[in-house]
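The values are calculated or read from the model by the stated rules, or taken from the named source; none is laboratory data. Model, not experiment: these values are computed from the prediction. Cβ sites come from the backbone with ideal geometry, for glycine too, and all protein chains shown count toward neighbours. These accessible areas exclude ligands, DNA and RNA; they are computed on the full protein's heavy atoms, side chains included. Shrake-Rupley method; radii C 1.70, N 1.55, O 1.52, S 1.80 Å.
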Amino acid sequence: MPKPIIVFDLDGTLVDTAPDLLDSLNHCLSGVGIGRVDASEIRRYVGFGSRVMIERAFAAHNRSLAESELDRLQAIFLDHYTANMPGKSKPFDGVLAAIERFHDAGYLTAVCTNKYEGLSRQLLEALKMTQLFECICGSDTFGHRKPDPRHLTDTISMAEGDPERAVMIGDSRTDIDTAKAAGIPVVAVDFGYTDQPVHVFEPSCVISHFDELTVKLSERLVLAAQGHTVT
Ligand SMILES: O=C(O)COP(=O)(O)O
Ligand SMILES: [Mg+2]
């Protein structure tokens, strides 16, 4: 029988990667004349991978960007980001204990991220976290990515999890829209990368620390999603 599953987003949910994304973004933007991006800006640019992040930095400065220049800058970004991994990135407080709680309760865990799969694996490997997940599915794993709900449903299938007992954990509108479109309950963390507070996007619930992510909470969300009255 397939097991219940918790699917984690990566950047801003599992791992606090913003300091390294910021360093690599500023490295690739040096010399293009838009100045340095700061820590508050980067949180609005993350969510659709490095290419969109660079595009958003240009758009924020009312600058257009030719495709070939974007290719060039993305290659610089990726080289720098890869060479410095894991850098300052670290798992958010309490997430490792939360994963252990779910494993002890018989759950599977997986990653569904808009980071490239290779980068995600390299980062999680450097943080000694790869073995925690049944599968790690990036933006290039299936040919569709969040907010396409198939990115999430295909992740659950690959992990051999039960889609009727799945919960997504994410930090952005993209994660919330993806899970809702897939009919899967979604817990939003309020410490990740988003331009608006996550409650605006109406996730199933919001947590401020992984201590709040309990097996009981996930069971309640699954029951509620199936239409049961939960008190
Ligand atoms: O790297 C990004 O832009 C997005 O990554 P995430 O889907 O793990 O938040
Ligand atoms: Mg994220």
Whichever residue in region 158-183 is out of contact with any Pro (no Cβ under 7 Å at 6 or more places or on another chain) and assigned to a loop (DSSP other than H, G, I, E, B) and, among such residues, is farthest from residue 148 (Cα to Cα):
159
Tell me yes or no: at least one residue of region 98-106 is within 13 Å of ligand 1 (Cβ to nearest atom) and in contact (Cβ under 8 Å) with a residue 40 or more places away in the chain.
no
Is one or more of the residues making up region 74-90 open to solvent by less than 20 Å² (accessible area, probe 1.4 Å) and in contact with a Leu (Cβ under 6 Å, 6 or more places away or on another chain)?
no
Please go through region 24-38 and pick out each residue that is open to solvent by less than 60 Å² (accessible area, probe 1.4 Å) and out of contact with any helix residue (DSSP H, G or I) (no Cβ under 6 Å at 6 or more places or on another chain).
25, 26, 29, 32, 34, 35
Filter region 1-23 for residues that are of a type outside the set (Asp, Glu) and away from ligand 2 (no atom under 16 Å from the Cβ); the one that is most open to solvent (accessible area, probe 1.4 Å) is 1
Tally time: how many residues in region 130-153 are part of a helix (DSSP H, G or I), within 15 Å of residue 179 (Cβ to Cβ) and out of contact with any His (no Cβ under 8 Å at 6 or more places or on another chain)?
3
Please verify whether residue 93 is acidic (Asp, Glu) and either part of a helix (DSSP H, G or I) or over 21 Å from the mean Cα position of the chain (by Cα) (or both), treating the condition exactly as stated.
no
